[in-house]
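Below is one structure, written out as C-alpha coordinates, with a few remarks after it.
The values are calculated or read from the model by the stated rules, or taken from the named source; none is laboratory data. The structure presented is a predicted model; accordingly, all values stated were derived computationally and were not measured. Note that we place each Cβ from the backbone using ideal geometry, even for glycine, and neighbour counts take in every protein chain shown. Areas reflect the complete protein model, heavy atoms only, side chains present, ligands, DNA and RNA absent. Shrake-Rupley method; radii C 1.70, N 1.55, O 1.52, S 1.80 Å.
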Amino acid sequence: DENLTDRSPFLKLRRWQWWLLVAINILFLIAGQAAAVLLGRFYYDQGGNSTWMATFVQTAGFPILCIPLIFLHPSQKLETSTSSTYPSIKIVALLYFVLGLLVAGDNMLYSVGLLYLSASTYSLICATQLAFNAVFSYLLNSQKLTALILNSVVILSLSAALIAVNEDSDGPSGVSKGKYLVGFICTLGASALYSLLLSLMQLSFQKVLRKETYNVVLEMQIYTSLVATCVSTAGMFGSGEWKGLQDEMKGFKSGRVSYVLTLVWTAVSWQVCAVGVVGLIFAVSSLFSNVISTLSLAITPLAALLVFHDEMNGVK
(Lines give C-alpha, C1' and ligand atoms only; values in the text may rest on other atoms or scores of the structure.)
Protein backbone atom coordinates (compact mmCIF):
# COMPACT_ATOMS: atom_id res chain seq x y z
CA ASP A 1 0.00 0.00 0.00
CA GLU A 2 0.98 3.67 -0.11
CA ASN A 3 2.28 3.71 3.47
CA LEU A 4 4.53 0.70 2.84
CA THR A 5 6.00 2.32 -0.25
CA ASP A 6 6.49 5.63 1.55
CA ARG A 7 8.41 3.94 4.35
CA SER A 8 10.79 2.24 1.92
CA PRO A 9 14.39 3.52 1.78
CA PHE A 10 14.04 3.68 -2.02
CA LEU A 11 12.12 6.95 -1.97
CA LYS A 12 13.65 8.05 -5.27
CA LEU A 13 12.20 5.03 -7.08
CA ARG A 14 8.86 5.20 -8.78
CA ARG A 15 6.17 2.91 -7.47
CA TRP A 16 6.46 0.36 -10.32
CA GLN A 17 10.26 0.38 -10.02
CA TRP A 18 10.01 -0.34 -6.30
CA TRP A 19 7.63 -3.26 -6.92
CA LEU A 20 9.93 -4.59 -9.66
CA LEU A 21 12.89 -4.47 -7.27
CA VAL A 22 10.89 -6.29 -4.59
CA ALA A 23 9.71 -8.91 -7.12
CA ILE A 24 13.28 -9.61 -8.30
CA ASN A 25 14.46 -10.07 -4.71
CA ILE A 26 11.53 -12.40 -3.99
CA LEU A 27 12.50 -14.51 -7.02
CA PHE A 28 16.14 -14.64 -5.90
CA LEU A 29 15.17 -15.70 -2.38
CA ILE A 30 12.68 -18.41 -3.34
CA ALA A 31 14.71 -19.94 -6.19
CA GLY A 32 18.02 -19.72 -4.33
CA GLN A 33 16.76 -21.20 -1.08
CA ALA A 34 14.84 -24.07 -2.70
CA ALA A 35 17.81 -25.02 -4.91
CA ALA A 36 20.29 -24.77 -2.01
CA VAL A 37 18.25 -27.02 0.31
CA LEU A 38 17.73 -29.67 -2.38
CA LEU A 39 21.41 -29.62 -3.34
CA GLY A 40 22.39 -29.87 0.33
CA ARG A 41 20.20 -32.95 0.77
CA PHE A 42 21.62 -34.38 -2.49
CA TYR A 43 25.15 -33.92 -1.12
CA TYR A 44 24.34 -36.02 1.95
CA ASP A 45 22.36 -38.63 0.00
CA GLN A 46 25.23 -39.22 -2.43
CA GLY A 47 27.76 -39.92 0.30
CA GLY A 48 28.86 -36.51 1.57
CA ASN A 49 29.14 -36.41 5.36
CA SER A 50 31.19 -33.30 6.22
CA THR A 51 29.01 -30.85 8.15
CA TRP A 52 31.81 -28.27 8.01
CA MET A 53 31.91 -28.52 4.21
CA ALA A 54 28.12 -28.12 4.11
CA THR A 55 28.54 -25.06 6.34
CA PHE A 56 31.44 -23.71 4.25
CA VAL A 57 29.52 -23.71 0.94
CA GLN A 58 26.67 -21.67 2.43
CA THR A 59 28.88 -18.56 2.41
CA ALA A 60 31.91 -19.46 0.24
CA GLY A 61 30.27 -18.05 -2.90
CA PHE A 62 30.45 -14.48 -1.60
CA PRO A 63 33.13 -13.34 -4.16
CA ILE A 64 30.34 -13.47 -6.78
CA LEU A 65 28.84 -10.41 -5.11
CA CYS A 66 32.01 -8.41 -5.77
CA ILE A 67 31.09 -8.26 -9.47
CA PRO A 68 27.99 -6.04 -9.09
CA LEU A 69 29.79 -4.08 -6.34
CA ILE A 70 32.69 -3.22 -8.69
CA PHE A 71 30.50 -2.24 -11.63
CA LEU A 72 27.88 -0.36 -9.62
CA HIS A 73 28.14 3.23 -10.86
CA PRO A 74 28.01 5.91 -8.15
CA SER A 75 24.98 7.52 -9.83
CA GLN A 76 23.10 4.24 -9.48
CA LYS A 77 23.59 4.16 -5.72
CA LEU A 78 20.25 5.46 -4.54
CA GLU A 79 20.71 6.82 -1.07
CA THR A 80 18.69 8.01 1.89
CA SER A 81 20.66 8.80 4.99
CA THR A 82 19.25 9.44 8.43
CA SER A 83 22.53 11.00 9.52
CA SER A 84 25.41 12.78 7.86
CA THR A 85 27.88 10.94 10.07
CA TYR A 86 29.01 7.50 9.05
CA PRO A 87 30.27 5.17 11.83
CA SER A 88 34.01 4.58 12.20
CA ILE A 89 35.73 1.70 10.45
CA LYS A 90 36.30 -0.03 13.80
CA ILE A 91 32.57 -0.04 14.62
CA VAL A 92 31.62 -1.29 11.14
CA ALA A 93 34.34 -3.99 11.27
CA LEU A 94 33.13 -5.12 14.71
CA LEU A 95 29.54 -5.21 13.45
CA TYR A 96 30.43 -7.36 10.45
CA PHE A 97 32.62 -9.62 12.59
CA VAL A 98 29.86 -10.30 15.13
CA LEU A 99 27.25 -10.85 12.42
CA GLY A 100 29.68 -13.14 10.57
CA LEU A 101 30.18 -15.29 13.68
CA LEU A 102 26.42 -15.58 14.11
CA VAL A 103 26.03 -16.53 10.44
CA ALA A 104 28.69 -19.27 10.78
CA GLY A 105 26.98 -20.71 13.88
CA ASP A 106 23.59 -20.56 12.19
CA ASN A 107 24.89 -22.31 9.08
CA MET A 108 26.43 -25.10 11.17
CA LEU A 109 23.10 -25.71 12.93
CA TYR A 110 21.34 -25.85 9.56
CA SER A 111 23.96 -28.31 8.23
CA VAL A 112 23.49 -30.68 11.18
CA GLY A 113 19.71 -30.39 10.89
CA LEU A 114 19.71 -31.25 7.18
CA LEU A 115 22.06 -34.20 7.82
CA TYR A 116 19.51 -35.94 10.05
CA LEU A 117 16.23 -34.81 8.44
CA SER A 118 14.60 -35.26 5.06
CA ALA A 119 14.42 -32.14 2.86
CA SER A 120 10.66 -31.81 3.36
CA THR A 121 10.73 -32.21 7.17
CA TYR A 122 13.70 -29.83 7.40
CA SER A 123 11.92 -27.16 5.34
CA LEU A 124 8.70 -27.40 7.32
CA ILE A 125 10.52 -26.99 10.64
CA CYS A 126 12.42 -24.02 9.21
CA ALA A 127 9.06 -22.32 8.65
CA THR A 128 9.00 -21.59 12.41
CA GLN A 129 11.52 -18.82 11.71
CA LEU A 130 8.57 -16.54 10.89
CA ALA A 131 7.22 -17.01 14.41
CA PHE A 132 10.63 -16.26 15.92
CA ASN A 133 11.06 -13.24 13.68
CA ALA A 134 7.71 -11.80 14.78
CA VAL A 135 9.02 -11.77 18.34
CA PHE A 136 12.47 -10.36 17.47
CA SER A 137 10.95 -7.73 15.16
CA TYR A 138 8.69 -6.62 18.00
CA LEU A 139 11.59 -6.40 20.47
CA LEU A 140 14.30 -4.95 18.18
CA ASN A 141 12.57 -3.26 15.22
CA SER A 142 9.37 -1.87 16.81
CA GLN A 143 7.23 -4.08 14.58
CA LYS A 144 3.59 -4.07 15.65
CA LEU A 145 2.11 -7.46 16.57
CA THR A 146 -1.21 -7.72 14.73
CA ALA A 147 -3.80 -10.48 15.08
CA LEU A 148 -2.59 -12.07 11.83
CA ILE A 149 1.02 -12.16 13.03
CA LEU A 150 0.04 -13.68 16.39
CA ASN A 151 -2.08 -16.23 14.52
CA SER A 152 0.93 -17.27 12.42
CA VAL A 153 3.08 -17.59 15.56
CA VAL A 154 0.60 -19.97 17.19
CA ILE A 155 -0.01 -22.09 14.07
CA LEU A 156 3.68 -22.43 13.13
CA SER A 157 4.69 -23.27 16.70
CA LEU A 158 1.98 -25.93 16.87
CA SER A 159 3.03 -27.30 13.47
CA ALA A 160 6.65 -27.66 14.57
CA ALA A 161 5.56 -29.47 17.73
CA LEU A 162 3.43 -31.90 15.69
CA ILE A 163 6.33 -32.73 13.39
CA ALA A 164 8.63 -33.26 16.39
CA VAL A 165 6.35 -35.83 18.04
CA ASN A 166 5.12 -37.41 14.81
CA GLU A 167 6.25 -41.03 14.77
CA ASP A 168 5.82 -41.23 11.01
CA SER A 169 8.21 -38.34 10.34
CA ASP A 170 10.74 -39.64 7.84
CA GLY A 171 14.48 -39.17 8.00
CA PRO A 172 17.31 -40.36 5.78
CA SER A 173 18.05 -44.07 5.95
CA GLY A 174 20.09 -45.14 8.98
CA VAL A 175 19.09 -42.15 11.10
CA SER A 176 18.02 -43.16 14.61
CA LYS A 177 15.28 -41.46 16.64
CA GLY A 178 17.99 -39.82 18.76
CA LYS A 179 19.71 -38.32 15.72
CA TYR A 180 16.33 -37.27 14.33
CA LEU A 181 15.70 -35.36 17.58
CA VAL A 182 19.16 -33.74 17.32
CA GLY A 183 18.33 -32.69 13.76
CA PHE A 184 15.00 -31.25 14.88
CA ILE A 185 16.54 -29.25 17.76
CA CYS A 186 19.39 -27.94 15.57
CA THR A 187 16.99 -26.87 12.81
CA LEU A 188 14.69 -25.18 15.30
CA GLY A 189 17.65 -23.41 16.92
CA ALA A 190 18.95 -22.35 13.51
CA SER A 191 15.54 -20.90 12.63
CA ALA A 192 15.54 -18.83 15.82
CA LEU A 193 19.11 -17.61 15.23
CA TYR A 194 18.35 -16.80 11.58
CA SER A 195 15.37 -14.69 12.64
CA LEU A 196 17.53 -12.85 15.14
CA LEU A 197 20.08 -12.19 12.38
CA LEU A 198 17.46 -10.65 10.10
CA SER A 199 16.28 -8.30 12.84
CA LEU A 200 19.87 -7.37 13.73
CA MET A 201 20.62 -6.61 10.07
CA GLN A 202 17.59 -4.33 9.86
CA LEU A 203 18.62 -2.66 13.12
CA SER A 204 22.15 -2.23 11.76
CA PHE A 205 20.87 -0.40 8.69
CA GLN A 206 18.72 1.87 10.84
CA LYS A 207 20.92 2.58 13.87
CA VAL A 208 24.56 1.83 13.02
CA LEU A 209 25.29 2.18 9.30
CA ARG A 210 22.66 4.89 8.79
CA LYS A 211 23.54 5.05 5.13
CA GLU A 212 21.28 3.01 2.92
CA THR A 213 22.72 2.36 -0.54
CA TYR A 214 22.94 -0.65 -2.81
CA ASN A 215 26.65 -1.01 -2.15
CA VAL A 216 26.14 -0.99 1.64
CA VAL A 217 23.75 -3.95 1.25
CA LEU A 218 26.30 -5.84 -0.83
CA GLU A 219 29.16 -4.95 1.50
CA MET A 220 27.28 -6.28 4.53
CA GLN A 221 26.66 -9.59 2.75
CA ILE A 222 30.25 -9.84 1.47
CA TYR A 223 32.03 -9.08 4.76
CA THR A 224 29.77 -11.15 7.00
CA SER A 225 30.12 -14.06 4.55
CA LEU A 226 33.91 -13.59 4.55
CA VAL A 227 33.98 -13.91 8.34
CA ALA A 228 31.63 -16.92 8.29
CA THR A 229 33.71 -18.61 5.58
CA CYS A 230 36.91 -18.12 7.58
CA VAL A 231 35.23 -19.61 10.66
CA SER A 232 34.00 -22.59 8.60
CA THR A 233 37.46 -23.12 7.13
CA ALA A 234 39.03 -23.00 10.59
CA GLY A 235 36.42 -25.46 11.83
CA MET A 236 37.09 -27.82 8.93
CA PHE A 237 40.82 -27.90 9.62
CA GLY A 238 40.46 -27.83 13.40
CA SER A 239 38.06 -30.81 13.41
CA GLY A 240 40.20 -32.77 10.94
CA GLU A 241 37.31 -33.19 8.47
CA TRP A 242 39.49 -31.84 5.64
CA LYS A 243 41.51 -35.08 5.73
CA GLY A 244 38.49 -37.10 4.59
CA LEU A 245 37.40 -34.82 1.73
CA GLN A 246 39.44 -36.65 -0.92
CA ASP A 247 37.95 -40.01 0.08
CA GLU A 248 34.52 -38.36 0.20
CA MET A 249 34.96 -37.17 -3.39
CA LYS A 250 36.09 -40.63 -4.54
CA GLY A 251 33.14 -42.30 -2.82
CA PHE A 252 30.52 -39.83 -4.07
CA LYS A 253 27.89 -42.02 -5.76
CA SER A 254 27.36 -39.84 -8.82
CA GLY A 255 31.07 -39.23 -9.44
CA ARG A 256 33.80 -36.68 -8.76
CA VAL A 257 32.55 -34.12 -11.27
CA SER A 258 29.10 -34.27 -9.74
CA TYR A 259 30.66 -33.80 -6.29
CA VAL A 260 32.42 -30.60 -7.33
CA LEU A 261 29.40 -29.26 -9.24
CA THR A 262 27.11 -29.97 -6.28
CA LEU A 263 29.29 -27.93 -3.95
CA VAL A 264 29.77 -25.10 -6.47
CA TRP A 265 26.07 -24.74 -7.29
CA THR A 266 25.13 -25.01 -3.62
CA ALA A 267 27.44 -22.08 -2.91
CA VAL A 268 25.99 -20.07 -5.82
CA SER A 269 22.39 -20.85 -4.77
CA TRP A 270 22.99 -19.67 -1.21
CA GLN A 271 24.42 -16.38 -2.47
CA VAL A 272 21.44 -15.83 -4.77
CA CYS A 273 19.20 -16.47 -1.78
CA ALA A 274 21.26 -14.11 0.41
CA VAL A 275 20.93 -11.27 -2.09
CA GLY A 276 17.16 -11.69 -2.00
CA VAL A 277 17.07 -11.83 1.81
CA VAL A 278 19.17 -8.71 2.37
CA GLY A 279 17.48 -6.89 -0.51
CA LEU A 280 14.04 -7.43 1.02
CA ILE A 281 15.26 -6.36 4.47
CA PHE A 282 16.62 -3.22 2.87
CA ALA A 283 13.59 -2.46 0.68
CA VAL A 284 10.84 -3.48 3.10
CA SER A 285 11.60 -5.08 6.49
CA SER A 286 13.11 -8.17 8.12
CA LEU A 287 9.63 -9.52 8.85
CA PHE A 288 8.60 -9.29 5.18
CA SER A 289 11.86 -10.97 4.17
CA ASN A 290 11.08 -13.81 6.54
CA VAL A 291 7.53 -14.10 5.20
CA ILE A 292 8.96 -14.73 1.72
CA SER A 293 11.50 -17.18 3.18
CA THR A 294 8.58 -19.06 4.71
CA LEU A 295 6.82 -19.07 1.33
CA SER A 296 9.93 -20.70 -0.13
CA LEU A 297 9.95 -23.26 2.68
CA ALA A 298 6.42 -24.22 1.70
CA ILE A 299 7.53 -24.73 -1.91
CA THR A 300 10.68 -26.75 -1.07
CA PRO A 301 8.82 -29.81 0.38
CA LEU A 302 6.85 -30.08 -2.86
CA ALA A 303 10.11 -29.98 -4.83
CA ALA A 304 11.58 -32.61 -2.48
CA LEU A 305 8.51 -34.74 -3.12
CA LEU A 306 9.32 -34.74 -6.85
CA VAL A 307 13.13 -34.94 -6.65
CA PHE A 308 13.73 -37.23 -3.65
CA HIS A 309 10.27 -38.86 -3.37
CA ASP A 310 9.96 -37.78 0.27
CA GLU A 311 6.90 -39.07 2.08
CA MET A 312 4.11 -36.54 2.58
CA ASN A 313 2.03 -37.80 5.48
CA GLY A 314 -1.04 -36.23 7.03
CA VAL A 315 0.80 -34.17 9.66
CA LYS A 316 3.07 -32.58 7.07
Selection from N313, A298, L226, by position along the positive dipole direction of the chain (Cβ)
L226
Anyone know which of Q246, Q33, Q58 comes out most mobile in the 10 Å Cα GNM of the chain?
Q246
Go ahead and set up a Gaussian network model of the chain, Cα springs under 10 Å, then flag whichever of T59, T262, T229 fluctuates most.
T262
I'd like the orientation of helix 177-203 relative to the chain: the angle between its Cα long axis and the longest Cα principal axis, in ° from 0 to 90, rounded to 10.
10
Rounded to 10°, Cα long-axis angle of helix 256-283 versus longest principal axis of the chain:
30
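Given a 1.4 Å probe and every protein chain left where it sits, what share in percent of the accessible area of the chain is carbon and sulfur? Before the final figure, lay out the partial values.
Numbers: 10330 of 15050 Å².
With neighbouring chains kept in place, the figure for the chain is 69 percent.
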Of the candidates M53, G251, I91, the farthest towards the positive dipole end of the chain (Lys/Arg Cβ +1, Asp/Glu Cβ -1, centred on the Cα centre) is I91
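Taking every pair of alpha-carbon atoms in the stretch 265-304, give the share separated by more than 12 Å as a whole percent. Walk me through the numbers on the way to the answer.
Details: 476 of 780 pairs.
So the portion of pairs separated by more than 12 Å is 61 percent.
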For the chain: lysine pairs under 25 Å (alpha-carbon distance), excluding those fewer than 8 apart on one chain
15
Can you report the principal axis dimensions of the chain using only the alpha carbons, biggest first, rounded to whole angstrom?
57, 44, 32
How large is the accessible surface per residue of the chain, computed with a 1.4 Å probe and reported in Å² as a whole number?
48
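Would you calculate a helix-derived [θ] at 222 nm for the chain, using -39,500 (n - 2.57) for each DSSP H run of n ≥ 4 and dividing by the full residue count, to the nearest 500? Could the numbers behind the result be given before it?
On the way: 13 runs with 225 residues, N = 316.
Computed mean residue ellipticity for the chain: -24000 deg cm²/dmol.
How big is the dipole moment of the stretch 217-306 about its Cα centre under a simple scheme where the beta carbon of each Lys and Arg is +1, that of each Asp and Glu is -1, and everything else is neutral? Debye, nearest 20, please. If you can, show how the numbers build up before the last one.
Numbers: 4 positive and 4 negative charges, 49 e Å.
It comes to approximately 240 debye.
Taking the inverse of the average 1/r across all pairs of different Cα atoms in the stretch 192-232, what Kirkwood radius in Å do you get? It would help to have the intermediate numbers written out before the result.
Numbers: mean 1/r = 0.0909 Å⁻¹.
Its Kirkwood hydrodynamic radius stands at 11.0 Å.
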